[in-house]
Amino acid sequence: MKRNAEVGLFTKPSILISCFRVFTIIIKKTNLVYRDQILGKVTMEVLDRISKLLIRLLTLLGGFFLVGMIVLTCANILFRLVWVPIRGTFELMGFFGAIVTAFALGHTQMRRGHISVDILTNSFPKKPRKVINAINHTICFFFFSVAAWQIAIKATTLMNTGEVTETLRIIYYPFTYGVAFGCAVLALVLFTDLIRSFLPEKEGQS
């Protein structure tokens with residue numbers, strides 16, 4: 001009887017200690033998960049704000065260049081009818097068109113305006129679709145990151161060589177850097193979409 005009493009006295013505290021340890025581990029894991037969720041949410045908010053700020057800037061600048069293209073086209077048609085065409089229109093339209101296209105890439109991606117063939121993936125369950133989207137965003141992110149890097153290298157080369165256009169003698173490299181920056185912003189938006197695909201739905205939504 002005495003031995004049973006001693007065993008009972010030592011068994012109950014050991015059970016309580018074990019339960020306390022298990023409870024402590026659960027609390028720590030819960031705190032880690034909660035901390036990771038908060039960190040992911042904060043990261044998404046920061047990336048979203050930076051992306052939206054850059055996209056607004058590029059959209060505004062791209063709009064000015066687009067208006068310039070419209071005015072230049074109309075003026076060139078008018079002057080061609082009454083006098084002579086505007087000198088260097090072809091060069092200016094090429095530069096302006098490149099800037100408008102590059103600056104619209106990030107905005108179009110954020111609005112999900114790029115063409116995508118999803119007739120097959122739409123029939124997949126939710127999880128495989130998320131995996132496919134994550135793979136797609138990863139590939140596109142690396143592609144446009146490399147594109148921005150290589151175009152920037154090309155712009156640096158053009159700046160060092162001082163290459164200009166044939167008619168108006170306009171330097172190439174500012175517009176080339178602009179195209180590189182547009183690709184870099186698109187890569188940032190794709191990276192944001194990639195991070196969002198790993199978050200729960202409520203936190204992943206912008």
Could you list, in sequence order, the residues of the range 195-206 that are of a type in the set (D, E, K, R) and at pLDDT 80 or above?
Arg196
Right, Thr192: at pLDDT 85 or above, among the hydroxyl-bearing types (Ser, Thr, Tyr) and either in contact with a strand residue (DSSP E or B) (Cβ under 6 Å, 6 or more places away or on another chain) or more than 27 Å from Glu91 (Cα to Cα) (or both) or not?
yes
Which condition from (1) within 30 Å of Leu199 (Cβ to Cβ); (2) in contact with a Ser or Thr (Cβ under 9 Å, 6 or more places away or on another chain); (3) among the basic types (Lys, Arg) is the one that Arg111 breaks?
(2)
Cβ-Cβ under 6 Å, sequence separation 6+ or interchain: first residue in the range 45-71 and under 17 Å from Leu190 (Cβ atoms), partner not in a helix (DSSP H, G or I). Which pairs?
Asp48/Ser206
The range 121-175, subset in contact (Cβ under 8 Å) with a residue 24 or more places away in the chain and of a type in the set (Val, Ile, Thr), residue farthest from Gly94 (Cα to Cα)
Thr138
With (1) among the polar types (S, T, N, Q); (2) in a helix (DSSP H, G or I); (3) out of contact with any helix residue (DSSP H, G or I) (no Cβ under 6 Å at 6 or more places or on another chain); (4) under 30 Å from Ala180 (Cα atoms) as the list, and Asn133 as the residue in question, which single condition is left unmet?
(3)
Going through Ile132, Ile119, Ile139 one at a time, which residue ends up being surrounded by fewer than 16 Cβ atoms within 10 Å (Cβ to Cβ) and in contact with a Ser or Thr (Cβ under 6 Å, 6 or more places away or on another chain)?
Ile132
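The values are calculated or read from the model by the stated rules, or taken from the named source; none is laboratory data. Computed from a prediction, not measured in an experiment: that's the story for all the values here. A quick note on method: Cβ atoms are made from the backbone with ideal geometry, for glycine too, and the neighbour counts reach across all protein chains shown.
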